[in-house]
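The values are calculated or read from the model by the stated rules, or taken from the named source; none is laboratory data. Not measured: the values here are computed from a predicted model. Here Cβ is always computed from backbone atoms with ideal geometry, including for glycine, and neighbour counts include all displayed protein chains.
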Amino acid sequence: MTDLSGKIAIVTGAGSGIGRASALLFAEHGAKVIAADITDKVNDTAAENPEAITAVTCDAGKEEDVQALVAKALELHGDLHIFFANAGISGGFDGIFDQSVEEWEEILRINLIGPFLAIKYAGKAIADKGHGGSIICTASVAGLRSGAGGPAYTASKAGVVNLVRIGAQQLSGSDIRCNAICPGLIETGMTEFMYDMVRERGMEDKIGQLNPLKRGGEPSEIASAALFLASEDSSYVNGHALVVDGGLSSSHPYSRQKFGQTST
Ligand code: NAP
C-alpha cells in the first residue's frame with residue numbers, strides 16, 4: 001500500500017470536492033494533514049479524521065496566508081513534505097468580451113498565483129529540511145486547450161501546467177518534485193450546478209459522453225492521482241502534468257466509432 005506515514009501534507013481547497021477527498025486519502029495512508037479552505041466547511045473534513053487532519057481557514061491566493069499555512073505545518077508537526085495546491089474557482093463561463101479585468105485578476109490570483117505561492121513557500125520550507133518532497137498543483141484539461149472553462153480560468157490553468165515545469169527546474173537539486181494534475185469533468189462543488197441542471201432535465205446519462213469512458217469522474221479518482229504524485233510511487237515523475245480525464249483530451253473532435261465497429 002502507498003505509504004505516507006511520517007509525512008506532513010498541506011492540502012488547499014480541502015473543504016470540498018477534490019481537496020476534501022485528497023486530504024482524507026492522504027490521512028488514510030498515514031500522513032498528518034493540514035486541510036485548508038477559504039471557509040470553515042473545512043472543519044467537516046477534519047472531523048472525519050481528527051487524529052490526522054487539522055483544519056485551517058485561509059485564502060490560498062493570498063501571500064501572507066500561504067506563508068502562515070506553511071508556518072502552521074512547521075509549528076504543529078515540525079516538518080513539511082507535501083503541498084497540494086488545489087484550491088480554485090471557475091469564475092463562470094462568460095466569454096472574452098464579457099469578462100472584466102477584475103474577474104481575471106481574481107481568477108488568476110487564486111488559480112495561478114496560489115500555486116506559485118505554494119511552490120515559493122513550501123518549496124523553501126521543504127528544501128530547508130533537506131529531505132525532499134512533493135508539490136502538486138491542480139491544473140485542468142481546460143489548461144491544455146480551450147472549451148472546458150471560461151477564458152480566465154483556461155488561461156490560469158494553462159499557466160499552472162507551465163508553472164510546475166519551472167517549479168521542477170527551480171527546485172533542482174532539492175529532491176522536491178513539482179507536478180500538476182489536469183482533471184477532466186469531476187462532480188464537485190464547482191460543477192454541482194451543471195450536474196443539478198442535467199439531472200433536473202433527466203439527462204444524467206449525457207454527462208461525460210464526450211470522453212471514451214462515457215462518464216464523469218469522481219473526486220476520489222483525482223485524489224488517487226494526487227496520492228501517487230505525493231508518494232514515493234512517483235519518485236521519478238517531475239515537471240509533469242498528469243491528465244486524469246477519462247480520455248477526454250486524447251483526441252480532436254470526431255465521430256467516434258462504437259466498440260467493435262471497424263472503419264471501411
Ligand atoms: P470545489 O468542490 O468547489 O472545491 C474547491 C474548494 O476550494 C472549495 O471549497 C472552495 O471554496 C475553495 N476555495 C475557493 N477559493 C479559495 C481560496 N482563495 N482559498 C482557499 N480555498 C478556496 O471544486 P473542485 O472541483 O474540487 O476544485 C478543486 C480544483 O480542481 C480546482 O483548482 C479546480 O479548478 C480544479 N478542477 C476541477 C474540475 C472539475 O470538473 N470539478 C476539473 C478540472 C479542474 P468555495 O466553495 O467557498 O469557493
> If you go through segment 36-57 one residue at a time, do you hit one that is under 15 Å from the mean Cα position of the chain (by Cα) and within 19 Å of S231 (Cβ to Cβ)?
Replying inline: no
>> Return the residues of segment 192-217 that are free of Cβ contacts under 8 Å to residues at least 40 places away in the same chain, surrounded by fewer than 17 Cβ atoms within 10 Å (Cβ to Cβ) and assigned to a loop (DSSP other than H, G, I, E, B); say none if nothing qualifies.
In response: R201, G202, M203, Q209, L213, K214, R215
> Inside segment 51-94, can you point out the residues that are touching an Asp or Glu at 6+ places or on another chain (Cβ under 9 Å), modelled with pLDDT of 95 or more and acidic (D, E)?
Replying inline: D59, D65
> Of these, A85, A35, A73, which one is near the ligand (Cβ under 10 Å from one of its atoms), touching a strand residue (DSSP E or B) at 6+ places or on another chain (Cβ under 6 Å) and either more than 25 Å from K157 (Cα to Cα) or small (G, A, S) (or both)?
Replying inline: A85
> Among the residues of segment 13-38, which ones are under 15 Å from M190 (Cα atoms) and not small (G, A, S)?
Replying inline: I18, R20, D37, I38
> Can you tell me which residues in segment 150-190 are without any contact (Cβ under 8 Å) to a residue 24 or more places away in the chain and either buried (at least 18 other Cβ atoms within 10 Å of the Cβ) or part of a helix (DSSP H, G or I) (or both)?
Replying inline: T154, A158, N162, I166
> From the residues in segment 93-114 that are within 22 Å of G184 (Cα to Cα) and either in contact (Cβ under 8 Å) with a residue 60 or more places away in the chain or of a type in the set (G, A, S) (or both), which one is surrounded by the most Cβ atoms within 10 Å (Cβ to Cβ)?
Replying inline: G114
> Of all residues in segment 129-147, which are part of a helix (DSSP H, G or I) and either within 13 Å of the ligand (Cβ to nearest atom) or among the aromatic types (F, W, Y) (or both)?
Replying inline: V141, A142, G143
